[in-house]
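The values are calculated or read from the model by the stated rules, or taken from the named source; none is laboratory data. Fair warning: this is a prediction, and the values are worked out from it, not measured in the lab. Every residue, glycine among them, receives a Cβ derived from its backbone with ideal geometry; neighbour counts consider all protein chains shown. Areas reflect the complete protein model, heavy atoms only, side chains present, ligands, DNA and RNA absent. Shrake-Rupley method; radii C 1.70, N 1.55, O 1.52, S 1.80 Å.
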Amino acid sequence: MPKSTPTKLNQALAKGNLSPVYVLTGEDLFRKQEIIKKITALVQPDDFNFYSNNTEKADIGEALVLANTAPVFADRRLVILTGIEKLRKDPKEAIIRYLENPLDSTIFIVTHNDSKKFKTEKALAAAAENGELVNFDELKRDDLAMWVRERMQENGLKAEYDGVETLCEAVGADLNALAQEIEKLSLYTAERENKNISKEDVLACVGFSKEENPFDLSNAILYLNKKKAITLTEKLLDSAEEPVAVLSKISYPILKMARIKRMANAGMAPAEISRAAGLMFWENSLVNNARNFPSEEIFLKTLDRIIEADKALKTSSASDPKTLFKGILFTLFAGR
């Protein structure tokens, strides 16, 4: 089966080019679902020529009979089976036999959502010589930022660097959630001539004021700004933020720092560290800054403080969160 890419597949569909078979692999369900919607829009099947089901609920025999049947008063039939990684041996082999000899008038789509398992599916990967095999890995780092920029452009928006950065950090790699936030940004700027999306626009749409950047504390710790980290911690607590949530905001960047430092000390190249640590493109400077991070000994002492604070918050209402968290930060920034 010829291997393709999501970009090439989108380009082919934009030209109206269809294949009788598509095997869509990888864990990124959102982009696969969008491709299925595009193919469905091109085929425009009526109820007589359309079948779609998850393999856990589907009658595989019925689906294959339909796939092998000429369309009714139409040029094409569309058959979709999702989640074939869950199938037992016999029904999966039946699908493979169809893929080896598909009907030209049927567009047959199957999705496989387990990349690790798919590596063992040699027969499935080789089955459809006239179809397309397209892998949809979850987007990370630069690829995720590129997807956000392109999605914004599709919505008539212009992505500023800090707007993309803030949106990715606020929402994460969930493309469905990112798409919803981008739609909100489109509505937010609907009456605005300037469609540039800034950090402030993103913060406003995800529920923060211009004065509140939810990543300020994390960045202060990551970039070793002791004074700012302590000030922001106190500000969060004074604003009635739950102490457990504040502790999480402190511990997450510390653990990230520790991981980067260990890989740097192990002699890994910066690009390797960025990939292994799952850093976004704007975080690459952390790798070069690893030499300035505290030593392993200090990290371990800081980790002990975090564990102690977590236990204290969960067992003693008399514990003062400000004192606990200052202890963590003073340990982390010892000597600074």
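For Ile96, are the conditions met, namely being aliphatic (A, V, I, L, M), in contact (Cβ under 8 Å) with a residue 24 or more places away in the chain and under 21 Å from Gln11 (Cα atoms)? Reasoning before the result, please.
Numbers: aliphatic (A, V, I, L, M): yes; in contact (Cβ under 8 Å) with a residue 24 or more places away in the chain: yes; under 21 Å from Gln11 (Cα atoms): no.
Judged against the criteria, Ile96 is not a match.
With the requirement that a residue be without any contact (Cβ under 8 Å) to a residue 60 or more places away in the chain and closer than 25 Å to Leu175 by Cβ, what does the range 108-145 give you? Before the answer, list the steps.
Of all residues in the range 108-145, those without any contact (Cβ under 8 Å) to a residue 60 or more places away in the chain come to 116-117, 119-123, 143.
Hits for the range 108-145 are Lys116, Lys117, Lys119, Glu121, Asp143.
Report yes if Ala190 is out of contact with any helix residue (DSSP H, G or I) (no Cβ under 8 Å at 6 or more places or on another chain) and either open to solvent by 20 Å² or more (accessible area, probe 1.4 Å) or under 26 Å from Asn289 (Cβ atoms) (or both), otherwise no.
Numbers: out of contact with any helix residue (DSSP H, G or I) (no Cβ under 8 Å at 6 or more places or on another chain): yes; either open to solvent by 20 Å² or more (accessible area, probe 1.4 Å) or under 26 Å from Asn289 (Cβ atoms) (or both): yes.
Against the criterion (out of contact with any helix residue (DSSP H, G or I) (no Cβ under 8 Å at 6 or more places or on another chain) and either open to solvent by 20 Å² or more (accessible area, probe 1.4 Å) or under 26 Å from Asn289 (Cβ atoms) (or both)), Ala190 qualifies.
Looking only at the range 107-124, filter to residues that are surrounded by 18 or more Cβ atoms within 10 Å (Cβ to Cβ) and not in a strand (DSSP E or B); which one of those is nearest to the chain's Cα centre (by Cα)?
Pass one, the range 107-124, residues surrounded by 18 or more Cβ atoms within 10 Å (Cβ to Cβ): 107-113, 118, 121, 124.
When the remaining residues are screened for being not in a strand (DSSP E or B), the result is 113, 118, 121, 124.
Numbers: Asn113: 14, Phe118: 20, Glu121: 25, Leu124: 26 Å.
Looking at the filtered set, the residue picked out is Asn113.
Let me spell it out: the conditions are (1) buried (at least 19 other Cβ atoms within 10 Å of the Cβ); (2) touching a helix residue (DSSP H, G or I) at 6+ places or on another chain (Cβ under 7 Å); (3) over 18 Å from Ala126 (Cβ atoms), and Glu27 meets all of them except one. Which number is the exception?
(1)
Looking at (1) part of a helix (DSSP H, G or I); (2) open to solvent by 40 Å² or more (accessible area, probe 1.4 Å), which is the one condition that is false for Leu217?
Among (1) part of a helix (DSSP H, G or I); (2) open to solvent by 40 Å² or more (accessible area, probe 1.4 Å), the lone unmet condition for Leu217 is (2).
Only one residue in Glu272, Glu241 is among the charged types (D, E, K, R), at pLDDT below 85 and part of a loop (DSSP other than H, G, I, E, B). Which one? Even if it seems obvious, please write down each step before you answer.
Numbers: Glu272 fails: part of a loop (DSSP other than H, G, I, E, B).
Within the list Glu272, Glu241, the selection yields Glu241.
Would a scan of the range 48-70 turn up a residue that is over 24 Å from the mean Cα position of the chain (by Cα), open to solvent by 50 Å² or more (accessible area, probe 1.4 Å), over 19 Å from Thr5 (Cβ atoms) and of a type in the set (Lys, Arg)?
yes
I'd like to check something: does the range 283-306 contain any residue that is assigned to a loop (DSSP other than H, G, I, E, B), open to solvent by 40 Å² or more (accessible area, probe 1.4 Å) and not polar (S, T, N, Q)? Outline the logic, then answer.
Keep residues of the range 283-306 that are assigned to a loop (DSSP other than H, G, I, E, B), which gives 284, 293-295.
Still in the list and also open to solvent by 40 Å² or more (accessible area, probe 1.4 Å): 284, 295.
From what's left, not polar (S, T, N, Q): none.
Checking the range 283-306: not a single residue is assigned to a loop (DSSP other than H, G, I, E, B), open to solvent by 40 Å² or more (accessible area, probe 1.4 Å) and not polar (S, T, N, Q).
Among the residues of the range 1-33, which ones are of a type in the set (D, E, K, R) and more than 13 Å from Thr111 (Cβ to Cβ)?
Looking only at the range 1-33, we keep the residues that are of a type in the set (D, E, K, R), and these are 3, 8, 15, 27-28, 31-32.
Residues satisfying the conditions are Lys3, Lys8, Lys15.
Quick one: what pairs do we get from the range 54-73, first residue free of Cβ contacts under 8 Å to residues at least 40 places away in the same chain, second hydroxyl-bearing (Ser, Thr, Tyr) and exposed (fewer than 12 other Cβ atoms within 10 Å of the Cβ), C-beta under 7 Å, 6+ apart or different chains?
Every condition considered, no pair remains.
Looking at the range 78-97 only, could you name the residues that are among the hydrophobic types (A, V, I, L, M, F, W, C) and open to solvent by 10 Å² or more (accessible area, probe 1.4 Å)?
Residues of the range 78-97 that are among the hydrophobic types (A, V, I, L, M, F, W, C), as a first pass: 78-81, 84, 87, 94-96.
Passing the criteria: Leu87, Ala94, Ile96.
Is it the case that Leu167 is modelled with pLDDT of 85 or more, crowded, with 16+ Cβ neighbours inside 10 Å, under 30 Å from Phe325 (Cα atoms) and of a type in the set (A, V, I, L, M, F, W, C)? Lay out the reasoning, then the answer.
On the way: modelled with pLDDT of 85 or more: yes; crowded, with 16+ Cβ neighbours inside 10 Å: yes; under 30 Å from Phe325 (Cα atoms): yes; of a type in the set (A, V, I, L, M, F, W, C): yes.
Taking the combined requirement at face value, the residue satisfies it.
Read through the list (1) on the phi > 0 side of the Ramachandran plot; (2) surrounded by fewer than 14 Cβ atoms within 10 Å (Cβ to Cβ), then give the number of the only condition that Ala41 fails.
(1)
Do you know which of the residues in the range 228-248 that are of a type outside the set (A, V, I, L, M) and out of contact with any Phe, Trp or Tyr (no Cβ under 9 Å at 6 or more places or on another chain) is nearest to Leu332 (Cα to Cα)?
Within the range 228-248, the subset of a type outside the set (A, V, I, L, M) is 228, 231, 233-235, 238-239, 241-243, 248.
Restricting the remaining residues to those that are out of contact with any Phe, Trp or Tyr (no Cβ under 9 Å at 6 or more places or on another chain) gives 228, 231, 235, 238-239, 241-242, 248.
On the way: Lys228: 14, Thr231: 15, Lys235: 19, Asp238: 22, Ser239: 24, Glu241: 22, Glu242: 22, Ser248: 15 Å.
That would be Lys228.
Checking Lys235 against (1) crowded, with 17+ Cβ neighbours inside 10 Å; (2) modelled with pLDDT of 85 or more; (3) out of contact with any Gly (no Cβ under 7 Å at 6 or more places or on another chain), which single condition isn't satisfied?
(1)
From the list Leu185, Leu203, Leu175, Leu222, pick out the single residue that is in contact (Cβ under 8 Å) with a residue 60 or more places away in the chain and more than 30 Å from Ser295 (Cα to Cα). Break it down into steps so the answer makes sense when it comes.
On the way: Leu185 fails: in contact (Cβ under 8 Å) with a residue 60 or more places away in the chain; Leu203 fails: in contact (Cβ under 8 Å) with a residue 60 or more places away in the chain; Leu222 fails: more than 30 Å from Ser295 (Cα to Cα).
Answer to the selection: Leu175.
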